[in-house]
Amino acid sequence: MNGHDLDGARILVTGAAGFLGSHLCESLIRSGACVLGADNLSTGRLSNLSSLIDQRSFTFLLHDVTMPRRIAGTIDAIMHLASPAAPRDYLAMPQATLRAGALGTLNMTKTAQQKNATFLLASTSEVYGDPMEHPQKESYLGNVNPIGPRSVYDEAKRFAEAVTAQAGRAGQRVAVARIFNTYGPRMSDGDSRVVPTFIRQARARQPLTIAGNGTQTRSLCYVDDTVDGLIRLLTSGFAEPVNIGATNEVTVLELAKLIRDLCGSPSPIEFVDLPADDPRRRRPDITRAAQVLGWAPRVDLHDGLSRTLHWHLHQPVGVT
Ligand code: NAD
């Protein structure tokens, strides 16, 4: 698989029924790939795959990646996204999160080795923890509390990176995407992440709840841009970690006000306790992604939030 040519490639996407995975599968298929989408449906939904389920180039596999399994046929690449990802989910499923990062990544790198497939790990900006360096370059080693409640996710991903790096040293073709906060259609509005939560609260005219005083910042990347970065990385042949994220830092308070305005909502803002180990600032340095992948986000925050809100407004009651 060279350059951007995915035509006819057979790609296994784990976590396919999730928010990012479902957009990724759609984009891969538009590029001419055949996709095998594996998911245990623990946090994902089959309805996220409704546009694909009847397509000949897509096959759904109900599978838990922590269980070993032989996958039939050729596989050119594995994109390993399977893991609870929203804080609500990984705090509720700590063991499953540790297992997805550890056993899931060991199993998937082994499958990649057996199939001589390129392996891409969906890692996260959480490997930087509550960063002491700003913005975060890939060379920054992070400030993670290994025994805090969030560590089940952060440390599982750090372990997953270690597994992937070792596979690379052993001669496998690997890639590591350190994905920063991504938002867009299909994020469940009950999943505790900031954008769908504010949209849900604003639409219900309930208070928008901000953890802490709202001065903590986030850099939010629209899902189409993140998916584009992942696909470019897959086909780049580049094995070192690459940050994929937006650089326009906004405070959580600014974000709440922006979403409230977009929704035309009178909701007040309410401040609640900050959760343990919540990062105060997060912004990627994306110089490497620009140089190696020719990638930068293109969708601005206002446009991306409008598209996301539009999706929420067009969901049948109970779907988001
Ligand atoms: P999501 O919860 O919507 O999707 C995760 C998917 O993985 C779900 O469909 C879930 O059912 C599936 N899954 C979980 N454990 C599994 C297992 N053991 N076997 C098979 N399937 C399993 O989350 P998302 O936001 O789409 O995140 C996808 C990936 O991207 C995750 O690995 C996450 O760590 C990474 N990531 C996401 C973001 C973001 O902002 N969305 C940021 C950084 C990293």
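The values are calculated or read from the model by the stated rules, or taken from the named source; none is laboratory data. Bear in mind the structure is a predicted one, so any value in this text is a computation, not a measurement. For neighbour counting, all protein chains shown are included, and Cβ atoms are generated from backbone atoms with ideal geometry for every residue, glycine included. Quick note on the areas: whole protein, heavy atoms, side chains included, nothing else; ligands and nucleic acids left out. Shrake-Rupley method; radii C 1.70, N 1.55, O 1.52, S 1.80 Å.
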- Note on the structure: Within the range 145-162, residues of a type in the set (Val, Ile, Thr) and open to solvent by 30 Å² or more (accessible area, probe 1.4 Å) come out as ILE147
- Item | Number of the exception - GLU270 against (1) touching a strand residue (DSSP E or B) at 6+ places or on another chain (Cβ under 8 Å); (2) closer than 14 Å to LEU220 by Cα; (3) open to solvent by 50 Å² or more (accessible area, probe 1.4 Å) | (2)
- Would a scan of the range 32-47 turn up a residue that is modelled with pLDDT of 95 or more, among the β-branched types (Val, Ile, Thr), more than 15 Å from the ligand (Cβ to nearest atom) and not in a loop (DSSP other than H, G, I, E, B)? no
- Message: With the condition being touching a helix residue (DSSP H, G or I) at 6+ places or on another chain (Cβ under 8 Å) and on the phi < 0 side of the Ramachandran plot, I'd like the strands (runs of 3 or more DSSP E) fully within the range 182-261 carrying at least 2 qualifying residues.
- Response: 208-211, 217-219, 241-244
- Message: Restricting to the range 217-232, name every residue that is open to solvent by 10 Å² or more (accessible area, probe 1.4 Å) and of a type in the set (D, E, K, R).
- Response: ARG218, ASP224, ASP228, ARG232
- Check off (1) surrounded by fewer than 21 Cβ atoms within 10 Å (Cβ to Cβ); (2) at pLDDT 95 or above; (3) over 21 Å from VAL252 (Cα atoms) for PRO207 and give me the number that stays unchecked. (3)
- In the range 101-116, residues that are open to solvent by less than 10 Å² (accessible area, probe 1.4 Å) and within 12 Å of the ligand (Cβ to nearest atom) total 4
- Note on the structure: Going through the range 164-194 in order, the residues found to be of a type outside the set (S, T, N, Q) and over 23 Å from VAL227 (Cα atoms) are ALA167, ARG169, ALA170, GLY171
- Task: Scan the range 72-97 and report the pairs whose first residue is in contact (Cβ under 8 Å) with a residue 24 or more places away in the chain and more than 22 Å from LEU24 (Cβ to Cβ) and whose second residue is open to solvent by 40 Å² or more (accessible area, probe 1.4 Å) and away from the ligand (no atom under 13 Å from the Cβ), with Cβ atoms within less than 7 Å and a gap of 6+ or a chain change.
- Result: LEU91/PRO149
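Those residues that are more than 9 Å from the ligand (Cβ to nearest atom), in contact with a Cys (Cβ under 9 Å, 6 or more places away or on another chain) and among the small types (Gly, Ala, Ser), I need them from the range 2-31; list them, please.
GLY8, ALA9
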- Item | Count of the range 48-76 residues which are of a type in the set (A, V, I, L, M), open to solvent by less than 20 Å² (accessible area, probe 1.4 Å) and in a loop (DSSP other than H, G, I, E, B) | 4
- Taking the options ALA85, ALA122, ALA92, name whichever one is within 14 Å of the ligand (Cβ to nearest atom) and surrounded by fewer than 16 Cβ atoms within 10 Å (Cβ to Cβ). ALA92
- Query: Which residues, counting only those in the range 112-142, are assigned to a helix (DSSP H, G or I), within 18 Å of the chain's Cα centre (by Cα) and of a type outside the set (Phe, Trp, Tyr)?
  - Reply: SER125, GLU126, VAL127
- Message: If a residue must be open to solvent by less than 40 Å² (accessible area, probe 1.4 Å) and touching a Gly at 6+ places or on another chain (Cβ under 8 Å), how many such residues does the range 164-177 contain?
- Response: 2
- Note on the structure: Restricting the range 282-298 to residues that are part of a loop (DSSP other than H, G, I, E, B) and surrounded by 17 or more Cβ atoms within 10 Å (Cβ to Cβ), the one modelled with the lowest pLDDT turns out to be ARG282
- Message: Just the residues that are part of a helix (DSSP H, G or I) and in contact with a Gly (Cβ under 8 Å, 6 or more places away or on another chain), please, taken from the range 15-31.
- Response: PHE19, GLY21, SER22, HIS23, CYS25
